[in-house]
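To start, the structure under review is shown below, and the notes come after it.
The values are calculated or read from the model by the stated rules, or taken from the named source; none is laboratory data. As the structure is a computational prediction, the values presented were derived from the model and not from experiment. Ideal geometry is used to build each Cβ from the backbone, glycine not excepted, and the neighbour counts take in all protein chains shown. The area values use the complete protein model at the heavy-atom level, side chains included, leaving out ligands, DNA and RNA. Shrake-Rupley method; radii C 1.70, N 1.55, O 1.52, S 1.80 Å.
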Amino acid sequence: SAELCLLPALAALLPPLPGPGGPGPADGGLGALPAELRVMVRALVGDLDALFTALGLREESFAVGFLSRVIAAELASYAPARNRRRTATNKASVIFVDRTLDLAGAVGHHGDNLAEKVLSVLPKLPGHKTDVMVNMVELTALQTTDETCSIIAPGCLAQPNDPAAKALWESFMNLKQKEAVMEARRHLVEAASRENLPIKMSMGEVTPEQLSSYIQLFRNNLKALENHCGLLQLVLAAVQTLKHPQTSKWDNFLAFERLLLQTIGESEMPSVLNQLLPMIKSYNKRTKYDYTFEDFLVLLVYMYSVVGEIKSGKELDAAEEEVKKALVKAINDEPQLSPLLQKIT
């Protein structure tokens, strides 16, 4: 979007995590990093310099965290960047922040934002880090209950040639969810009116079913489909996200995170872990509204990120041991392990 640029080629770039022997590498600069990470840092510095050259920027860098300091120092001493800063006309402040310093933000569910939910719950477009697959079966005469129907190519979020779709994506990113789905309805109504489709405008709350019924109007009209294909893909992405079981679970996550923030102030970590324990259910006892193993990993990362310093002791060891046992049992009972679980185990 106009305010956000992602660099998917560098999605794997993470600061080294502290090892069992204490914190990560001391401030030894680039030389203290593993070879693979050094290559990625140099690639990022080259990419940033190319970006700043295109924007005509003379940057002043600030850094929060070990890896960020290394990147800022490398950028400062990079020969092409020094030449660029001598001639650039525009000034900018650039702030680097280590991703591991905001794990709670990355795994939390506090955003009332449709774009975040779409990117979280829909399957990734193969080969992409920042785009998703949108099931397009609804726009065809083929009726199938197969979730992974592969006869029809998936839609996606990137619609650079469709101004209405681009505007709608900005709404998904910048407005609250309720306002964003109202924008989706408005765009659909305008598109249908332009194509003289028999649309009945209804007021009140927008439901995924209502959006689906509007989408159906385009189904047998190839010209209308072609003219508004990008917009329809985005609205379908919204509909599929709102109907997804993970979205209804989103509120459960949020409720648990809020409870956690309240409880942590009043009690110690063991009691919070004990609250979590009964929620860990094996495959055959789980409903679609219960947490999966991956969900618990996300919750645990959130818990340990917001708690800060933890007082260790027998009580904590016992509580952690119980949670570990329950998680191991849950993994063993899974009929099929997800790619993430396979990686972990």
Among what's in region 252-299 and is over 19 Å from the mean Cα position of the chain (by Cα), within 20 Å of Val328 (Cβ to Cβ) and charged (D, E, K, R), pick the residue that is least open to solvent (accessible area, probe 1.4 Å). Asp290
Looking only at region 86-97, filter to residues that are surrounded by fewer than 17 Cβ atoms within 10 Å (Cβ to Cβ) and in contact (Cβ under 8 Å) with a residue 12 or more places away in the chain; which one of those is nearest to Leu30 (Cα to Cα)? Val97
Where in region 74-147 are there helices (runs of 4 or more DSSP H), lying wholly inside it, with at least 1 residues that are polar (S, T, N, Q) and more than 27 Å from Phe296 (Cβ to Cβ)? 79-87
Check region 258-278 and report whether any residue there is of a type in the set (Asp, Glu) and either in a helix (DSSP H, G or I) or free of Cβ contacts under 8 Å to residues at least 12 places away in the same chain (or both). yes
Being open to solvent by less than 30 Å² (accessible area, probe 1.4 Å), in a loop (DSSP other than H, G, I, E, B) and closer than 22 Å to Pro245 by Cβ: is that true of Tyr302 here? no
For region 162-186, how many residues meet the condition of being within 16 Å of Ala115 (Cβ to Cβ), open to solvent by 20 Å² or more (accessible area, probe 1.4 Å), assigned to a helix (DSSP H, G or I) and not hydrophobic (A, V, I, L, M, F, W, C)? 7
Considering only residues that are touching a strand residue (DSSP E or B) at 6+ places or on another chain (Cβ under 7 Å) and either open to solvent by less than 30 Å² (accessible area, probe 1.4 Å) or of a type in the set (Phe, Trp, Tyr) (or both), look in region 98-124 and name the one that is farthest from Gln240 (Cα to Cα). Asp98
